[in-house]
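Below: one structure, written as structure tokens.
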Amino acid sequence: MNDQVEVRLRAALTEAGDTVQPVTLRALAPPQGSRVQVHTRLLVVAMIVLPLAVGAATLLRPTDRDSQLVAMGVMGMSPSRVLGPEDPEIAVYICEAQSPFRSCSGSHGATPQQIAAIEQALRAMPQVESITFRDQQTTYELFVEHQANSTLAQIVEPTDMPESFRLKMKEDTDWTPTLEAAVALPGVSNVINEKCISEYLAGDSDNSKCSVGVIFR
Amino acid sequence: MEVELLSIGEPGVRASVDVAAIFAAHQLGLVRLALMMVGDRATAEDVVQEAFARTHAGRKRLRDPDRALAYVRSAVLNGCRSVLRRRVTAVRRAVPYEPPVWSAESAALVGEDRREVLVALRGLPRRQREALILRYYLELSDLEIAETMGIGASTARSTIARGLAALGRVLGEGGKA
């Protein structure tokens with residue numbers, strides 16, 4: 001019967017296990033590299049990837065052990081990107097696991113079904129001309145490319161990056177309904193009008209109107 | 001635009017689990033678990049060290065402290081899987097650092113019967129092998145095994161049953177031939 005097999009298996013495993021004794025165990029080395037908590041990393045990433053006009057002073061609380069990194073994030077917020085005429089204007093960010101945004105709280109990131117539903121909903125919008133998906137790896141590569149600060153580039157990992165849909169919009173349409181409808185979709189963390197950001201950087205616009213739904217939890 | 005910045009370092013929002021403490025407390029068991037999977041002790045210790053480094057500092061913060069050990073076991077299990085995958089593809093080392101625990105050359109394991117069981121175990125499909133080790137070495141429940149392996153409890157149960165039957169066949173005991 002299987003009883004006998006169980007007995008032999010237990011005995012064999014026990015004996016194999018006993019070959020490792022505590023006294024001879026190699027000590028665990030203290031972990032190398034970043035001790036920065038994932039939440040802070042994601043927050044910093046969010047601030048840079050999504051060019052948010054967050055008041056730096058609000059963030060910098062000296063008691064926070066990660067405040068230095070956050071400060072780096074704030075400094076890195078001024079993006080160098082200039083939107084070309086062919087570039088998609090709207091970025092719809094997808095909730096990743098442990099996203100720092102309130103719209104994503106309670107989830108472990110958007111599910112594949114949610115992402116598919118988001119795409120479907122975006123494609124159905126009349127103001128949208130075309131849609132592309134930007135994955136974590138691509139976002140990471142762009143991040144590292146734009147991020148002269150190598151310390152930050154070393155700390156973050158591709159999996160920290162949010163995925164996003166990029167919307168190329170039709171000209172002479174009102175984008176507001178798209179922005180508002182997109183941010184309400186389950187699994188969307190927030191929506192950024194990158195054209196608006198680009199204009200803001202050129203001094204032509206008020207940055208406060210460039211993003212929808214940005215609330216950190 | 002409304003921005004609320006409440007979260008950084010705010011206590012109580014998320015229970016934090018000290019991964020380092022868990023590894024320290026369970027290092028021996030984790031190394032032994034890895035040993036069953038990968039065969040040699042040096043690799044087993046490497047796997048645990050690596051799992052420790054990867055999970056340290058809240059790389060993956062656990063919301064539920066009760067699940068911390070299961071999470072850490074999973075990390076070790078995943079490390080073992082990576083090692084085994086690499087071994088399949090990588091060029092073998094010219095000189096093995098240490099003979100596998102189930103090999104005839106291993107001086108560590110004395111009993112011939114023990115060796116036979118381990119060799120048979122090693123021949124099982126990966127999931128069956130993992131499930132059997134988690135059950136018969138760590139004596140985990142179906143639920144704990146399911147959690148560690150990232151599968152359903154009923155799958156864990158059936159995997160154990162199939163693994164045990166397969167092992168019995170190989171060892172020439174019970175069941176169908």
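We did not get these values from a lab; they are worked out from the coordinates using the rules stated. None of these values were measured; they are calculated from a predicted model. Here the Cβ is made from the backbone with ideal geometry for all residues, glycine too, and neighbour counts use every protein chain on show.
Before moving on, here are some points about what is shown:
- Inter-chain shielding of A:17-27 (mean C-beta neighbours from other protein chains, 10 Å cut-off): 6
- Hz values of 3J(HN,Hα) by residue in segment A:2-15 - Karplus curve (6.51, -1.76, 1.60), Gly and Pro given as x: 5, 3, 5, 5, 4, 4, 5, 5, 4, 5, 5, 5, 4, 5
- Per-residue average of Cβ from other chains inside 10 Å of B:112-122: 4
- Nonlocal amide H pairs with A:PHE101, under 5 Å, H built at 1.01 Å: A:ARG217
- Approximating the spin labels as points 7 Å out from Cα along Cα→Cβ, the B:SER82-to-A:ALA11 distance works out to 3.7 nm.
- Mean separation of Cα contacts under 8 Å (6+ apart) over length of segment B:110-177, as relative contact order %: 32 percent
- Averaged over the residues of peptide B:39-49, the number of Cβ atoms from other protein chains lying within 10 Å of each residue's Cβ is 2.
- When you count the other C-beta atoms within 10 angstrom of each residue and take the mean per peptide, A:179-189, A:128-138 line up highest first as A:179-189, A:128-138.
- 5 angstrom amide H check on A:ILE90, placed H, neighbours 5+ away: A:LEU167, A:MET169, A:GLU194
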